[in-house]
1. Ranked by Cβ crowding within 10 angstrom, fewest neighbours first, how are A:GLU156, A:GLU119 ordered?
2. Got a sec? How would B:THR66, A:THR95, A:THR120, A:THR162 order by Cβ neighbour count within 10 Å, fewest to most?
3. How much net charge surrounds A:PHE154 when only the other residues with a Cβ under 11 Å from the Cβ of A:PHE154 are counted, with Lys and Arg +1 and Asp and Glu -1?
4. Mean projection of the alpha-carbon convex hull of the range B:65-106 over all orientations, in nm²?
5. Using modelled backbone amide H atoms (1.01 Å from N, in-plane), which distant-in-sequence or interchain residues come within less than 5 Å of B:GLY124's amide H?
6. Near the amide H of A:VAL82, under 5 Å away, which other amide H atoms are found, from residues 5 or more places off or on another chain, if H is placed in the peptide plane?
7. In sequence order, what are the phi-derived ³J(HN,Hα) couplings for the range B:42-58 according to the Karplus relation 6.51 cos²θ - 1.76 cosθ + 1.60 with θ = phi - 60°, rounded to whole Hz, with x for glycine and proline?
8. Using θ = phi - 60° and the Karplus curve 6.51 cos²θ - 1.76 cosθ + 1.60, what whole-Hz ³J(HN,Hα) does each residue of the range B:86-93 get, with Gly and Pro shown as x?
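Here, each number is a calculation from the coordinates, and none is a lab measurement. Being a predicted model, the structure only gives us computed values, none of them experimental. Counting neighbours? That spans all protein chains shown, and the Cβs are built from the backbone with ideal geometry, glycine included.
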Amino acid sequence: MHAADDPTEKFAQSIGRELRSPVELSPDLDDRIMKEVRRRARRSRMRPLFLWGGLAAAALMAIAVGMTTRSARLTVPPMERVAFGLEAPAATRVTLVGDFNNWDPDATPLVRSEHGRWETVVPLEPGRYQFTFVVDGSRWVRDPRLPAAVGEDFGEPTSVITIIPVSRL
Amino acid sequence: MKPVALLLLLSLAPPALLAQDPRLVGRLDSATARVVTAVIDSSRELGLPTEPLVQKALEGASKSATGDRIIAAVRILALNLGTARTALGRESSEQELVAGVAALRAGATPGAIRGLRQARASRGVAVPLAVLADLVALGVQVDAAYQSVLDLARTEADDAAFARLKQQYAGQRQP
């Protein structure tokens, strides 16, 4: 077979002609390329701007929340250290339950001191609280030194204590 | 509150605000917790303090009360808080409302509570109301207790004076 009739040779010659033909470039090609380069550069410069702007906004928000929390904290009344105690010489365990510890029998155990007296100190905000003692996990005993709760809802003995800030006494 | 404002408030409220108080979980059965939570949510929408309601439910749970009894106690307390707020005014503090409920339960009328507020307009009434309730608990007749507290309130007495009034009665009571 003659080379001119070989299909593979014809394909190779057509590619060669295409590659040898002059390429006509658009006259504004340079301008368009440089515009695109500059546009991308601007975008890349703005990303940090947005980033820093977002961080600054978040920081301002955090400061504002912190200031709100701080001012709220400053308006909280001062806590008073309130001593609770019960004479229970035969008891093996005494705990305190009330409006100040979610009535959790395990939250505030009392410590046995001399002569069978059980004691603890609880920091409380000024206010009025209902409470009682739980002796040996099952017996409810109210503080006999303090007024009993009026209109007891659940039938167990409960005392009431009113905390007045020391500064007002 | 207008429905649109309430809707907006609820849509902006964090989910925790509308959810069940975590302290109730595990302390109340689910049916009781659901009703108690509804009462608490309603009270919150009315601007009433909710912490006393949570504590009342927990008190009932701690004392092994039945669900029905806990629900009844929480509902009654919510009503009492509303009555106290009506008598004392919308700007009343939580401490004043709690003390107002104690005074109501001791037998004071809403009118008497309002009278105490008017007599002590420039100062809080949390301590006078608490002392009123305490005097009744110490055995003083409610009318006599109220008159003693009211007389003191009219003299612009400070909280310490009310504390001393209670100590006087407590001292008389002791043998």
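1. Working: A:GLU156 20, A:GLU119 14.
Lowest to highest Cβ neighbour count: A:GLU119, A:GLU156.
2. Working: B:THR66 12, A:THR95 20, A:THR120 16, A:THR162 24.
Ordered by Cβ neighbours within 10 Å, fewest first: B:THR66, A:THR120, A:THR95, A:THR162.
3. Values: positive: B:LYS56, B:LYS63, B:ARG69; negative: A:GLU152, A:ASP153, A:GLU156, B:GLU59.
Neighbour charge sum, excluding A:PHE154 itself: -1.
4. Numbers: hull surface 12.1 nm².
Projected over every direction and averaged, the Cα hull of the range B:65-106 covers 3.0 nm².
5. Those qualifying (amide H under 5 Å, at least 5 residues apart or on another chain) number zero.
6. Those lying under 5 Å, H to H, from A:VAL82 are A:VAL122, A:LEU124.
7. 4, 5, 4, 4, 7, x, 8, x, 9, 4, x, 5, 4, 5, 5, 5, 5
8. 3J(HN,Hα) across the range B:86-93, in whole Hz: 4, 6, 8, x, 5, 8, 5, 7.
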